[in-house]
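The values are calculated or read from the model by the stated rules, or taken from the named source; none is laboratory data. Since the structure is predicted, the reported quantities are computational estimates derived from the model, not experimental observations. Every residue, glycine as well, gets a Cβ built from its backbone with ideal geometry; the counts of neighbours run over all protein chains shown. Remember, those area values only see protein heavy atoms, side chains included, never the ligands or the DNA or RNA. Shrake-Rupley method; radii C 1.70, N 1.55, O 1.52, S 1.80 Å.
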Amino acid sequence: MAIGAFVEGGGSGYSGRVTPFVVLSCIVAGSGGILFGYDLGISGGVTSMEPFLKKFFPDVYHQMKGDKKKVSNYCRFDSELLTVFTSSLYIAGLVATLVASSVTRRFGRRASILIGGSVFVAGSVFGGAAVNIYMLILNRVLLGIGLGFTNQSIPLYLSEMAPPQHRGAINNGFELCISIGILIANLINYGVDKIEGGWGWRISLSMAAVPAAFLTVGALFLPETPSFVIQRSGDVDSARALLQRLRGTAAVHKELEDLVMASEVSKTIRHPLRNMLRRRYRPQLVIAVLVPLFNQVTGINVINFYAPVMFRTIGLRESASLMSAVVTRVCATAANVVAMAVVDRLGRRRLLLVGGVQMLVSQVMVGAILAGKFREHGEEMEKEYAYLVLSVMCVFVAGFAWSWGPLTYLVPAEICPLEVRSAGQSIVIAVIFLLTFLIGQTFLAMLCHLKFATFFLFAACLCVMTLFVFFFLPETKQLPMEQMDQLWRTHWFWKRIVGDSPQQQVVELHHHHQRSSSE
């Protein structure tokens, strides 16, 4: 059966709309994205503040203030200790998300959200009160554990709560919250930079407790998803009542039936992470690994947590570099809103392709400007070209924000069947954290050694990932998560690899029992 016919023929057969109950639940859960975004934005800002550098990273401070004829402009912030501060969070998150997979599967999506929010609050306290580098690193490790749990569970929660026809927009709300979190962080960094006495960075680091507290308290009142209710207890009546409340209609039989069948399959899988290696889950595994990997090699985290540092490198002063980070984030936030409006109409593939080309052109332009106008020694780049780089970076972050940013969380979450969904999301977040750590740990050294060619390297990666989407990623818009199996058995490449999935076997067995009963 062709996917187009499958969707159009009554679509999923599901009834319902986006109810206020769904909206409120998703707002609370999606606020976890603010945690991730705030941390991404705050670290780059404080590491460009001179009082912070002078207290914790004096070598970087003196290197930044040193003789411009002796130190390459590309190398002024190159410091292993500085990159350990920025990237240590992601190693902690990598370990935490693998633990979160079991917690989410056994105890529910809400349990992981609660754990993540609570640990994040504790980490924020250590950041604001830090008096030495060890307290700073502890702050980063605790934040990483919190993000490991929330980033693993929240995209699952949003995807399972949303009606299929609006799943893209609701799930993209998580990326919008990330963007808002980065914007808030950039605005706070810009504001506290003016505080006399040089202690404004403490406000920046401790304010992370505010969104974390909101998420933690709000999670106490969140309902579990219908999928988990059935998976945990098999209580179909409770799941039906919850579905009716979520969808605003009593006609939820078809969706409930699909959830029950998906739960039957999930009970046959005891080791989800191990089962992801089986042939029948090969498409999901490949996409769960490559999509977040491609997300990171776009170069987006150069902007997310090194934007102020990079803008200072090319010649903007401390205040101007912080404001430049604000400007790029405003562009990204606006693009996130556009993505939410169009993702369920235009589809995932089209946005990924357009965004990929847009980012590719932007990276080539930045590399070319730096190659032609940025001198390695002596005075920094002329202000006109520095602001041209800023303009191109705005185009870049907009392309990311309506394509690879939100869809990295949406596509893997919606293509994985229930029995491996938690494991698949853990793989996604683990890859994101691992690559974020590696890029965070190496970017300043890459910039120092490769110079402008760093941006051409990101452009080459963007070319590869855009070709991957064109040839190997099927469209998933408006297709129910419990019926995604249709994609692989009709796709020109993946149909050669997968046979009948366990879910398809259960469906056929169910239909056989129905025919037997009628006879």
* To do: Could you check how many residues of segment 412-434 are closer than 14 Å to LEU277 by Cα and acidic (Asp, Glu)?
  => 1
* To do: Return the pairs, sorted by first residue and then second, in which the second residue is open to solvent by less than 60 Å² (accessible area, probe 1.4 Å) and at pLDDT below 85, the first residue lies in segment 50-61 and is among the basic types (Lys, Arg), the beta carbons are less than 6 Å apart, and the residues are 6+ apart or on different chains.
  => LYS54/TYR61
* **Check on GLU196, modelled with pLDDT of 90 or more and not in a helix (DSSP H, G or I)** => no
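Could you please let me know if VAL342 is open to solvent by 50 Å² or more (accessible area, probe 1.4 Å) and at pLDDT 90 or above? Give the derivation first.
Details: open to solvent by 50 Å² or more (accessible area, probe 1.4 Å): no; at pLDDT 90 or above: yes.
When the stated conditions are applied, VAL342 does not pass them.
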* Asked: How many residues does segment 246-295 contain that are crowded, with 22+ Cβ neighbours inside 10 Å, touching a Gly at 6+ places or on another chain (Cβ under 8 Å) and β-branched (Val, Ile, Thr)?
  -> 1
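Here's the yes/no breakdown for (1) farther than 28 Å from PRO406 by Cα; (2) surrounded by fewer than 24 Cβ atoms within 10 Å (Cβ to Cβ):
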{"site": "VAL28", "(1), (2)": "no, yes"}
{"site": "GLY32", "(1), (2)": "no, no"}
{"site": "SER43", "(1), (2)": "no, no"}
{"site": "PRO51", "(1), (2)": "yes, yes"}
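Could you please find all residues in segment 236-245 being more than 14 Å from LEU418 (Cβ to Cβ) and open to solvent by less than 30 Å² (accessible area, probe 1.4 Å)? Lay out the reasoning, then the answer.
Residues of segment 236-245 that are more than 14 Å from LEU418 (Cβ to Cβ), as a first pass: 236-238, 240-245.
Within segment 236-245, LEU242, LEU243 qualify.
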* Asked: Only one of (1) open to solvent by 30 Å² or more (accessible area, probe 1.4 Å); (2) part of a helix (DSSP H, G or I) is not met by PHE174, so which one is it?
  -> (1)
* Considering only residues of segment 209-235 that are open to solvent by less than 50 Å² (accessible area, probe 1.4 Å) and without any contact (Cβ under 8 Å) to a residue 40 or more places away in the chain, which is nearest to SER263 (Cα to Cα)? -> ILE230
* Is one or more of the residues making up segment 108-117 open to solvent by 10 Å² or more (accessible area, probe 1.4 Å), outside the structural domain of MET446 (by the TED database), among the aliphatic types (A, V, I, L, M) and in contact with a Leu (Cβ under 9 Å, 6 or more places away or on another chain)? -> yes
* To do: Taking the residues in segment 89-101 that are without any contact (Cβ under 8 Å) to a residue 60 or more places away in the chain and open to solvent by 20 Å² or more (accessible area, probe 1.4 Å) as candidates, determine which candidate is farthest from the chain's Cα centre (by Cα).
  => VAL99
* Select from segment 485-499 the residues that are over 11 Å from GLN284 (Cα atoms) and in a loop (DSSP other than H, G, I, E, B) and write down the one among them that is most open to solvent (accessible area, probe 1.4 Å). => TRP492
* So which pairs qualify, if the first residue must be in segment 334-354 and basic (Lys, Arg), the second must be open to solvent by 60 Å² or more (accessible area, probe 1.4 Å), the Cβ gap must be under 9 Å, and the two must be at least 6 apart or on different chains? -> ARG345/LYS477; ARG348/LYS477; ARG349/PHE470; ARG349/LYS477
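Condition check: at pLDDT 85 or above and part of a loop (DSSP other than H, G, I, E, B). Does ALA288 satisfy that? First the steps, then the outcome.
On the way: at pLDDT 85 or above: yes; part of a loop (DSSP other than H, G, I, E, B): no.
Criteria not met by ALA288.
Of these, GLY144, GLY128, which one is in contact (Cβ under 8 Å) with a residue 40 or more places away in the chain and surrounded by fewer than 21 Cβ atoms within 10 Å (Cβ to Cβ)? Please lay out each step first, then the result.
Details: GLY144 fails: surrounded by fewer than 21 Cβ atoms within 10 Å (Cβ to Cβ).
Residue meeting the stated conditions: GLY128.
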* **Near pairs, Cβ below 7 angstrom, 6+ apart or cross-chain, from segment 399-416 (outside the structural domain of PRO155 (by the TED database)) to any residue that is part of a loop (DSSP other than H, G, I, E, B)** => PHE400/THR298; TRP404/THR298; VAL411/THR476; GLU414/THR476; GLU414/MET484; ILE415/THR476; ILE415/MET484
